[in-house]
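Everything below concerns the one structure shown next.
The values are calculated or read from the model by the stated rules, or taken from the named source; none is laboratory data. Since this is a predicted model, take the numbers as computed values, not measurements. When we count neighbours, we look across all protein chains shown, and the Cβ atoms used for this are built from the backbone with ideal geometry, even at glycine. What goes into the accessible areas is simple: the full protein's heavy atoms, side chains included, and nothing from ligands, DNA or RNA. Shrake-Rupley method; radii C 1.70, N 1.55, O 1.52, S 1.80 Å.
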Amino acid sequence: MAVPRLLRAAVDDKLLSEPLSHPDFFNVKELFSLKDLFDARVHLGHKKGCRHRFMEPYIFGCRLDQDIIDLDQTMQHLQLALNFTAHIAYRKGIILFISRKRQFCHLVESTARECGEYAHTRYWQGGLLTNAHIQFGPGVRLPDLLIFLSSLNNVFEPHVAIRDAAKMNIPTVGVVDTNCNPCLITYPIPGNDDSPAAMELYCKLFRMTIIRAKDKRRQSEVFNELRSKAEGN
């Protein structure tokens, strides 16, 4: 009985470690191009007077008093964020989409539902993460990843969940416009968070990435199961 159990553990370990040996195991780079970001107006930031000082490294320039985001950097950061999200989904982690913009509530909730994950688009009560064991009981499982489609609670304040996630060591992915603070976000994505076209692009990319990772996990499990049966026979 111990030998099959050890073999099963070895197979599971290989199943989890194999994606880590490839820089882009899920091929997220093929999901979008620089032109897709430009067409979705991801490069359009806020007025220069609203600029956050920590966003200056991501700004390409300023035109007609409006900040322009460097899309080359956006591509790199978006690929990193999608790759990390794929690894979390592949390992069957819980992913929570968060946004406080009312006009995108339905889009964010639909995206989460289509890829089998969760969304929170209403008022965030402080302590939902830090005091989860008190509010929901000791056996509650916290999200493994938080995806912020907008990192602001309103025009001036960052979303409370960013601070709570940092306290609980929960990794975060977040779209940060030129008026946002990217410091507490694990994988910031410099880009426009107000344009409907940009939000639709973000949601489509995250949905495709999560579904692709889950399909990859199912295929790997089926392949390993068939191979184990063949070796046993």
- Task: Could you please let me know if THR209 is of a type in the set (S, T, N, Q), surrounded by 14 or more Cβ atoms within 10 Å (Cβ to Cβ), within 30 Å of ILE68 (Cα to Cα) and touching a Ser or Thr at 6+ places or on another chain (Cβ under 6 Å)?
- Result: yes
- Test: GLU200 is acidic (Asp, Glu), within 20 Å of ARG51 (Cα to Cα) and open to solvent by 10 Å² or more (accessible area, probe 1.4 Å): no
- Which numbered condition SER151 misses (of (1) touching a Gly at 6+ places or on another chain (Cβ under 9 Å); (2) at pLDDT 95 or above): (2)
- Item | Contacts under 7 angstrom Cβ, first residue in the range 122-136 being under 29 Å from GLN103 (Cβ atoms), partner assigned to a loop (DSSP other than H, G, I, E, B) and open to solvent by less than 40 Å² (accessible area, probe 1.4 Å), 6 or more apart | TRP124/HIS159; LEU129/ILE170
- Out of the residues in the range 181-210 that are among the aliphatic types (A, V, I, L, M) and over 20 Å from PHE38 (Cα atoms), which is modelled with the lowest pLDDT? LEU184
- Message: Could you list, ordered by first residue, the pairs with Cβ atoms under 6 Å in which the first is in the range 63-80 and closer than 18 Å to LYS48 by Cα and in contact (Cβ under 8 Å) with a residue 40 or more places away in the chain and the second is part of a loop (DSSP other than H, G, I, E, B) and open to solvent by 30 Å² or more (accessible area, probe 1.4 Å), at least 6 apart or interchain?
- Response: ASP67/ARG51
- Quick one: in the range 119-136, of everything that is open to solvent by 20 Å² or more (accessible area, probe 1.4 Å) and aliphatic (A, V, I, L, M), which residue is modelled with the highest pLDDT? ALA119
